[in-house]
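For reference, the structure is listed below as structure tokens.
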Amino acid sequence: MVTFQFVPYAEIENLTSVKRVNKLLNIVKEDKIVIMEGRLSKEEEADLIEITMEEISPWFKGIELSVIYPEKHRLDSMQKLRGAFAHLLLGDRQGLTIIGPASIVKKIEKNPDKIELFTKEGSSRYRKKVRKKIRNS
Amino acid sequence: MVDTPGIATKIDYEDFLKKGLKKLEAKKRAKEATKGVIEAIKWLDSMDFVIVVLDGTKDPYSQVNITIIGNLQARNIPVLIAANKVDLKKANIDVVKAAFPQYEVLGISAKYGKNIEEFYEQLFKLAK
């Protein structure tokens, strides 16, 4: 079984960058796949990679990350204008961010019409093994 | 000049085991790799210019590529993109160019030295 957790933008809106990144990473470390409304800033995305690397251990192997965002070159000028206005009003609420534990998510592929999330075979067996190790340690 | 390892979002010591390393050595290599990525990200703030080496046979639209190049762009750091492995049939430099139209993209083969002279020329042009 794979669990997804939706994180509305309102839940992270007032957090500092470090707290935002840690909140998302803590959910992922519970073996859940985060679907966040909106996106992190470029700097926060880099922080997410950096903090992930700091947390790597035999029991946490990292993350798979994907950001789905309206492609500006595919929009007409009216849509671009509306997008800029929405961004001004709502911040980075546009788009979706998907973050999953690397022990479960093999890869996330996106193309203009679909998002494909590939899970690892036998990942539930692996998770049971990891939980057992954590309990015994 | 700082040569950093490839930036990744996941590192599994078991991948090193598959390369024939013993468990302790594999864990040590994985630890070194994570440190390398952390340092590479920290260095982003101190760079005058950056050469981003991508595997020309792979999808350039990976989130890591987009995040790192986006960060360089946000910091106004000049970038040269080297699409490596152009000696392989699978390589598609046009896809890399389409992914990052804002930067100079050069196809190279580090293995066979293809376009290395042109690479140095572009590098010195960027560094001036």
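Working only within the stretch A:45-72, note down all residues that are within 9 Å of chain B (Cβ to nearest Cβ), outside any helix (DSSP H, G or I) and surrounded by fewer than 17 Cβ atoms within 10 Å (Cβ to Cβ).
A:PRO58
When only residues in the stretch A:23-44 that are out of contact with any Leu (no Cβ under 8 Å at 6 or more places or on another chain) and part of a helix (DSSP H, G or I) count, which is surrounded by the most Cβ atoms within 10 Å (Cβ to Cβ)?
Once the filter is applied, the top-ranked residue is A:VAL28.
Which condition from (1) polar (S, T, N, Q); (2) touching a strand residue (DSSP E or B) at 6+ places or on another chain (Cβ under 7 Å); (3) within 12 Å of chain A (Cβ to nearest Cβ) is the one that B:ASN84 breaks?
It fails just one condition, (3).
I'd like to verify a number: residues in the stretch B:1-22 that are over 20 Å from B:ILE41 (Cα atoms) and facing another protein chain (nearest Cβ under 10 Å), how many?
Looking only at that region, the number is 3.
Scan the stretch B:32-74 for residues that are under 20 Å from A:VAL67 (Cα atoms) and within 11 Å of chain A (Cβ to nearest Cβ) and report the count.
15
Within the stretch B:9-55, take every residue that is part of a loop (DSSP other than H, G, I, E, B) and touching a Ser or Thr at 6+ places or on another chain (Cβ under 9 Å) and give me the one that is surrounded by the fewest Cβ atoms within 10 Å (Cβ to Cβ).
Filtering the stretch B:9-55 for residues that are part of a loop (DSSP other than H, G, I, E, B) and touching a Ser or Thr at 6+ places or on another chain (Cβ under 9 Å), the one surrounded by the fewest Cβ atoms within 10 Å (Cβ to Cβ) comes out as B:ASP12.
Just to be sure I understand, how many residues within the stretch A:71-119 are among the small types (Gly, Ala, Ser), farther than 18 Å from A:ARG39 by Cβ and modelled with pLDDT of 85 or more?
Within the stretch A:71-119, residues that are among the small types (Gly, Ala, Ser), farther than 18 Å from A:ARG39 by Cβ and modelled with pLDDT of 85 or more number 2.
What number of residues within the stretch B:102-124 satisfy the criterion of being more than 18 Å from B:ILE69 (Cβ to Cβ) and touching a residue at least 60 places away in the same chain (Cβ under 8 Å)?
0
So which of B:ALA82, B:ALA99 is free of Cβ contacts under 8 Å to residues at least 60 places away in the same chain, crowded, with 16+ Cβ neighbours inside 10 Å and in contact with a Gly (Cβ under 9 Å, 6 or more places away or on another chain)?
The unique qualifying residue is B:ALA82.
The values are calculated or read from the model by the stated rules, or taken from the named source; none is laboratory data. None of the values given here were measured: they were computed from a predicted structure. Every residue, glycine as well, gets a Cβ built from its backbone with ideal geometry; the counts of neighbours run over all protein chains shown.
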